[in-house]
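Computed from the coordinates by the stated procedures, all read-outs in this text should not be read as laboratory data. Treat the numbers as computed from the prediction; the structure is a model and nothing was measured. When we count neighbours, we look across all protein chains shown, and the Cβ atoms used for this are built from the backbone with ideal geometry, even at glycine.
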Amino acid sequence: MDAHEIADGRARWQRRYDEARKRDADFTTLSGSPVEPVYGPPEDADVPGFERIGWPGEYPYTRGLHATGYRGRTWTIRQFSGFGNAQQTNARYKMLLGAGGGGLSVAFDMPTLMGRDSDEPQSLGEVGHCGVAIDSAADMDVLFDGIPLADVTTSMTISGPAVPVFCMYLVAAERQGADLSRLDGTLQTDIFKEYIAQKEWLFPPEPHLRLIGDLMEYTNRHIPRYKPLSVSGYHIREAGSTAAQELAFTLADGFGYVELGQSRGLDVNTFAPGLSFFFDAHIDFFEEIAKFRAARRIWARWLRDVYGATSEKALWLRFHTQTAGVSLTAQQPYNNVVRTAVEALSAVLGGTNSLHTNALDETLALPTDEAAEIALRTQQVLMEETGITNVADPLGGSWYVEALTDRIEAEAEAIFARVRDMGQDGSITAGILRGIEDGWFMSEIADSAFAYQQAVEKGDKRVVGVNVHTGSLTRDLDIMRVSHEVEVEQKKLLTERRTQRDNAVVKERLERMVAAARGGENMIPSMLDAARAEATLGEICGALKEEWGIYREPARF
């Protein structure tokens with residue numbers, strides 16, 4: 001790109017910046033020196049390939065979605081939390097919001113993630129242990145008691161039973177008197193990554209996609225601010241993938257959901273802004289920054305050139321980030337505070353829109369209140385003290401970062417080509433389904449995880465406290481334990497609710513939902529009616545399992 005084109009780009013950026021709202025904040029260094037909102041090539045410089053870097057707020061969005069960077073709005077502090085019963089988690093949410101959290105992110109226990117009620121035999125010993133137990137809409141009432149859902153953005157990390165859980169959330173909002181059309185938040189929903197990495201599915205892929213398509217249609221029409229899909233790379237990375245694999249598998253899944261929306265007749269310019277992403281921030285600082293920058297560039301190009309999007313917001317890749325749980329160590333756990341801070345900084349320098357920071361004790365148990373506060377304060381120190389919110393994409397133009405960005409993008413494009421080749425019709429969706437069926441994704445991740453573990457065991461990759469610098473004065477942590485009484489009380493409460501509801505109405509509404517599943521009508525209204533009648537999560541998912549069957553992963557050797 002020649003100097004004239006670069007100057008034109010800077011002028012476009014300046015106009016956008018001048019027209020945008022900025023925070024009332026001090027944009028100087030700690031020493032009081034003013035800093036520019038963005039930096040670029042010197043005047044009269046020719047920079048070959050600069051169109052791939054560009055300016056914040058314009059295509060290809062390598063440097064961020066907004067001309068102002070974080071001067072306009074900082075990232076949302078969204079701490080992922082849930083444990084025990086709804087009442088206990090409600091208290092934790094109020095603590096986080098009171099301490100400066102900007103939104104909620106719900107963690108569910110394993111029975112809920114698998115679409116089971118707390119009193120099912122398979123739930124024994126797991127109720128409330130890795131998240132909050134939710135059996136019906138009444139639990140959602142308690143979970144959000146005193147928290148106005150009309151005013152708080154709510155993210156829910158759940159995929160297999162995401163749609164019925166979302167219906168229970170809507171019922172809780174109705175009971176608060178909220179205008180459902182104004183609800184805002186994100187539902188994970190992403191089922192592709194379950195088959196690829198996390199393994200929390202209920203049905204075969206096709207019925208899951210049917211439900212997701214119904215959800216996309218419903219929110220597009222009735223709850224336009226709510227994002228029905230958070231396409232998740234976090235679990236792919238935690239399973240052992242490389243940075244490029246995480247990026248490519250995740251964006252391929254996102255392209256599959258774009259194809260799903262278009263197959264439903266939805267306008268990509270309308271529904272694509274409702275897709276968001278969820279990435280891992282791992283410990284290799286510069287590689288993670290490059291990954292986030294490449295992600296925005298790839299998404300914008302594919303949405304424009306492959307899927308025909310023309311509106312600016314349809315080209316925007318918006319993403320939440322969580323620091324890498326898999327990087328935390330049980331040995332010398334206080335080191336995890338440092339790891340989390342470094343990973344959070346990479347996410348911010350990569351332009352994340354919201355962020356969760358892991359607690360130091362999460363490799364051992366659910367976070368204590370003290371550990372959760374340290375994790376929250378980590379973000380607040382970065383936001384308030386370091387000056388990183390003053391300049392958009394401060395590493396833009398770094399030879400190293402730009403080379404890494406280009407390399408990860410090229411690796412991702414090679415993976416997209418492979419996925420397309422696996423599908424008979426050349427679509428990304430067909431390739432994903434074939435890759436799931438053949439175990440290709442799982443094999444690729446397993447190979448990467450094995451290679452990394454070998455490097456750790458040989459000492460080629462060093463982990464402080466594990467294979468280097470192992471001596472320590474660190475004492476054992478006091479860890480949080482969920483009492484068995486939580487499960488006893490939750491099962492008792494569930495039994496009481498079943499006796500107090502109108503079971504004939506529940507039966508009739510579940511039958512109506514199954515009839516919708518057999519036909520072509522959108523399933524969300526009938527599922528919502530079942531949730532209003534206090535049908536449980538296990539009952540809703542169980543009725544659909546009887547209709548659609550369950551999915552069992554083929555054995556592979």
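Within the range 199-279, the trypsin sites (Lys or Arg not before Pro) that combine a DSSP coil assignment with at most 15 other C-beta atoms in a 10 angstrom radius are Lys199, Arg225, Arg264.
I'm a student and want to see the number: the projected area of the Cα convex hull of the range 317-374, averaged over all directions, in nm².
Averaged projected hull area, Cα only: 4.0 nm².
With respect to the chain, whose longest principal axis is taken over its alpha-carbon atoms, helix 428-438 is tilted by about 60°.
Cα-based values for the range 97-136, radius of gyration first and Dmax second, are 12.4, 40 Å. Out of every Cα-Cα pair in the range 1-61, what percent are more than 16 Å apart? That tail contains 52 percent of the Cα-Cα pairs. Relative to the longest principal axis of the Cα atoms of the chain, the long axis of helix 205-222 makes an angle of roughly 80 degrees.
The calculated FRET efficiency for Gln14 paired with Ala504, based on their beta-carbon distance and R0 = 56 Å, is about 0.25.
In loop segments of the range 15-77 as defined by DSSP, the trypsin sites (Lys or Arg not before Pro) with at most 16 further C-beta atoms inside 10 Å of their C-beta are Arg21, Lys22, Arg23, Arg73. Model label sites at Asp305 and Lys94, defined 7 Å from Cα along the beta-carbon direction, differ in position by 5.3 nm. Annotation: Cα Rg of the range 1-116 relative to the compact-globule expectation 2.2 N^0.38 Å equals 1.60. Provide the FRET efficiency to the nearest 0.05 for the Glu385-Lys492 pair, computing r from the beta carbons and using R0 = 45 Å. E(calc), rounded to 0.05, equals 0.40. Sparsely packed loop sites in the range 326-426 (the chymotrypsin sites (Phe, Trp or Tyr not before Pro) outside DSSP H, G, I, E and B with at most 16 other Cβ atoms within 10 Å) comprise Tyr334. 3J(HN,Hα) along the range 363-370, derived from phi through the Karplus expression 6.51 cos²θ - 1.76 cosθ + 1.60 where θ = phi - 60°, amounts to 6, 10, 5, 5, x, 6, 4, 5 Hz, with x in place of Gly and Pro.
If the convex hull of the alpha-carbon atoms of the range 213-290 is projected onto planes in all directions, what is the mean projected area in square nanometres?
So the Cα hull casts an average projection of 5.5 nm².
Between helix 537-548 and the chain there is an angle of about 90 degrees, using the helix long axis and the longest principal axis of the Cα atoms. In the range 317-445, the ratio of gyration radius to Kirkwood radius, Rg to Rh, stands at 1.08 when only Cα atoms are counted.
Taking every C-alpha pair closer than 8 Å and separated by at least 6 residues, the mean separation divided by the residue count of the chain gives a relative contact order of 18 percent. With only the Cα atoms considered, the range 467-557 has a convex hull volume of 235 Å³ per residue.
At an R0 of 56 angstrom, the distance between the Cβ atoms of Arg407 and Ala150 translates into a FRET efficiency of 0.80. Taken over the range 391-496, the percentage of Cα pairs per 5 Å bin, counting from 0 up to the bin with the maximum distance, is 2, 9, 8, 8, 9, 10, 11, 13, 12, 10, 6, 2, 0. In the frame of its principal axes, the chain has Cα extents of 77, 60, 54 Å, reported largest first. Under 29 Å of direct C-alpha separation, and excluding same-chain neighbours fewer than eight residues apart, Lys313 reaches these lysines: Lys22, Lys193, Lys227, Lys291. Ellipticity at 222 nm from helices only: DSSP H runs of n ≥ 4 in the chain, each -39500 (n - 2.57), divided by the residue count, give -15500 deg cm²/dmol.
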